[in-house]
Structure formats: structure tokens, C-alpha cells
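S.K.: Submitted below is the structure of interest, expressed as C-alpha cells.
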Amino acid sequence: MAIIATTDLAAFAVKAVNLPHDEAQAGRDRVNVLRTRMEKHIADNPGFSLVKMLHAGSVAKGTALATVNDLDVAVYVRANDAPETGLVSWMAQRLRDAYGKTIKPDQIEEGVHCPTITFASGLSVDVVPVLYEGDDNDVGYLIAKDTGDRLKTSVTQHLAFVRARKNASPNHFAQMVRFVKWWVRTQKKLDSNFKFKSFMAELIVAKLADEGVDMADYPEALARVFSFIVDSGLQERIAFTDYYPASDLPGTTGAVVEIFDPVNPDNNVSFRYTDPDRLRIVNAAERALDAITEADFATTKGEAVACWQVVLGTRFKG
């Protein structure tokens, strides 16, 4: 029997990996206050360009790490009212209009991609504009920062996608996503060139969950994640049929890695990854898989812990 078991990883998750429930709830409460204020402003100003605010990102999904330092919200904007250029500045001013004197003007900063609201507590909220044309299921369009292209999205459907997997594997699916994201964080500390989007980690775990991998056995499930990355070389197309048929996916794209957004078949979320990026991920996964395998045969706890530290970092003490 392996020395390091699910109970050991679960204890580490509580101690280091997971965002504590009270902190997550405080973040949700803060977003709800913002949303309530915006809804009132919209009701009082029927011609106002902002339509609604939806909590998005890892805190909303329940997959946030303890290291998270900001929240994500999507603000739906009437597409006809939004400017063709200067969308971030325009959005920042709309937010200042909505929150008036309750937030100082300098608490709303204009970032490269979106405005950020920073509160006295230090909590910050990234406000991502979504162009809205009245479609069902909160389908709207992001504007690509480099090309200006419209990118179809839906906060509601993204949350429902994760919720379906969480319902199928209560507690364990979200925990496995957090473990993989923690591993990615550990790799980035070791290699500044290491790239691996959180969304990609989420979708890889979702693929394996859909294929029947038992997420309740943490060491085995992590080994299966790394095995998939190594065996496929990240060259196996990943896509889902929750919101569109497989026939909607494009033909060969030429992209090095193909992991498709589950709400938009035209959005390969990994299209920017180069072959060196892919190989870094595969090689790191191979090291992690080797370490887990070696830990299974360790004869002392010290040896087993040292192996697992390759995966989870030196904070893991078994």
C-alpha cells in the first residue's frame, strides 16, 4: 500500500491549496453587492449601456486556489452602445457612473484588458466587458485584445459546464482541478517560460472525468491526468458536446495544441501554444508521473514525501 494516500493529499489541499470557504464566500458577497448596485442603477436609468453583471472565474466555479488575489466578473454591454475602440476606458467610465461616490474614481483603474475595481480591503475585481445582443443563455462576445475579433462566450454556460462535472463527482472534480492548477503554479515557479492556462487544466480534467476516471482517488486521478498528457503528447484534440455537436468543430487547424472552448467550437483556447510550450508541459507531466510512480514503491515516508514534492512543491510534508 502506498504511503501517501488520498487523505494526505486532502489534508494538504485544506492547508495550502484550497481557497478557504469563508474567503470564497466573502468574495461572492462582494460581487453580489456590486451586482445589486449595478442592477439598481440600470433600473433607475433605462438608457444605461450596461445590462448585467455576472460573477465569473475560478471563485464562481469553486476551483480557486488559496493564492487567488482577485475576482472576475463579466459585465454585459449593449453591443450597439459600445465604442469600436477604447472599450476599456469606456467601460471604466460606465462603472464610475454606476457606483458614483461610493467608490473613489482612482479605485477603478484601466488595465490593458479590462478595468479593475480595487476595494479598501485590498480585494480587486477584474471587470471584463461582454458585448450583448440579447441572445439566450447570456451568450455574448468578448473582443480579442490583439485582433479586435469578436469571440463568442457565455458565463452562464461555462458555469453550468463545470457544475455538471461537480454534480457527477461532488467535491472531487473541483479538487482535482485545483490540484492540477497547483501543480502548474509549482512549475511556473521553477520555469518562467512554463505556460499552462487554468482553463486548459480544467478542460483536461473534465475530459478524463467524462471518460470515467475516479476523481475520488486523488493520487490515482493525478497520475491519470499526467499519463494522458504524456501519452497523448497534448496532440489529441479535446472538445465537448454540451452546447454544440462535434460536427461544428473546425477541420484541421494546424495548431500545436487543440483544446476547444465548450461553448464555442471556433475557440481553440490553446491556439497560441508553440511546440516548445507543449514539450515543456509534457516533460513536466512525465517528471510528475515518474515521481508518483516512485512514491508508490517508497519504503519510508520521507522518500514518498520527497517524490510528491516534485508534484506539489516543498510545502507538501505528507
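The values are calculated or read from the model by the stated rules, or taken from the named source; none is laboratory data. All figures in this text were calculated on a predicted structure; none of them were measured in a lab. Glycine gets a Cβ as well: all are built from the backbone with ideal geometry, and neighbour counts include every protein chain shown. Keep in mind that these areas ignore ligands, DNA and RNA; they rest on the heavy atoms of the full protein, side chains included. Shrake-Rupley method; radii C 1.70, N 1.55, O 1.52, S 1.80 Å.
S.K.: Taking the 0 to 90 degree range and rounding to the nearest ten, how far is the long axis of helix 87-99 tilted relative to the main principal axis of the chain, both from C-alpha atoms?
M.R.: 70
S.K.: Place the peptides 104-111, 245-252, 31-38 in order of packing, highest mean first, counting for every residue the other Cβ atoms within 10 Å and averaging per peptide. Don't skip to the answer; put the middle values down first.
M.R.: Values: 104-111: 13.4, 245-252: 9.8, 31-38: 16.6.
In descending order of packing, they fall as 31-38, 104-111, 245-252.
S.K.: Using only the heavy atoms of the protein chains and a 1.4 Å probe, how would Phe271, Phe260 rank by accessible area, largest first?
M.R.: Values: Phe271 120, Phe260 0 Å².
The ranking, largest first, comes out as Phe271, Phe260.
S.K.: Report, in whole Å, the centroid distance computed from the Cα atoms of region 181-230 and region 24-64.
M.R.: The distance from the Cα centre of region 181-230 to that of region 24-64 comes to 30 Å.
S.K.: Once both axes come from the Cα atoms, what is the angle between helix 198-210 and the longest principal axis of the chain, in degrees from 0 to 90, rounded to 10?
M.R.: The two axes meet at around 60 degrees.
S.K.: Next question, about the same structure. Where the convex hull is taken over the Cα atoms of region 45-103, what is its projected area averaged over directions, in nm²?
M.R.: On the way: hull surface 21.8 nm².
Mean shadow area of the hull around the Cα atoms is 5.4 nm².
S.K.: Taking Rh as the Kirkwood radius computed over C-alpha pairs, what is the Stokes-Einstein D of the chain at 10 °C in a medium of viscosity 1.306 mPa s, expressed in µm² per second?
M.R.: Estimated via Stokes-Einstein, D reaches 75 µm²/s.
S.K.: Lys301: accessible area at probe 1.4 Å, nearest 10 Å²?
M.R.: 110
S.K.: Also, quick follow-up: Angle, helix 275-296 long axis vs. longest principal axis of the chain, Cα atoms, 0 to 90°, nearest 10?
M.R.: The angle comes out near 50 degrees.
S.K.: Region 91-143 to region 281-318: how many Å between their Cα centroids?
M.R.: 42
S.K.: Separate question: List the aspartates and glutamates whose Cα lies under 19 Å from the Cα of Lys40, skipping any in the same chain that are fewer than 8 positions away.
M.R.: Asp29, Asp97
S.K.: Beyond 21 Å between alpha-carbons counts as too far, so tell me which of Lys207/Lys317; Lys189/Lys301; Lys52/Lys152; Lys166/Lys301; Lys189/Lys317; Lys15/Lys207 fall in that bin. Could you put the intermediate results ahead of the total?
M.R.: Details: Lys207/Lys317 30 Å; Lys189/Lys301 25 Å; Lys52/Lys152 17 Å; Lys166/Lys301 32 Å; Lys189/Lys317 18 Å; Lys15/Lys207 28 Å.
Violating the 21 Å limit, Cα to Cα: Lys207/Lys317; Lys189/Lys301; Lys166/Lys301; Lys15/Lys207.
S.K.: Then there is this: Which of Val230, Val155, Val14 moves the most in a Gaussian network model of the chain with Cα springs under 10 Å?
M.R.: In the Gaussian network model the winner is Val14.
S.K.: Using a 1.4 Å probe over the heavy atoms of the protein chains, calculate the carbon and sulfur portion of the accessible area of region 16-149 as a whole percent.
M.R.: That share works out to 47 percent.
S.K.: At a probe radius of 1.4 Å, what is the per-residue accessible area of Thr118, in Å² to the nearest 10?
M.R.: 40
S.K.: Next question, about the same structure. So, with a 1.4 angstrom probe, what is the percent of accessible area on region 235-318 that is carbon and sulfur?
M.R.: 50
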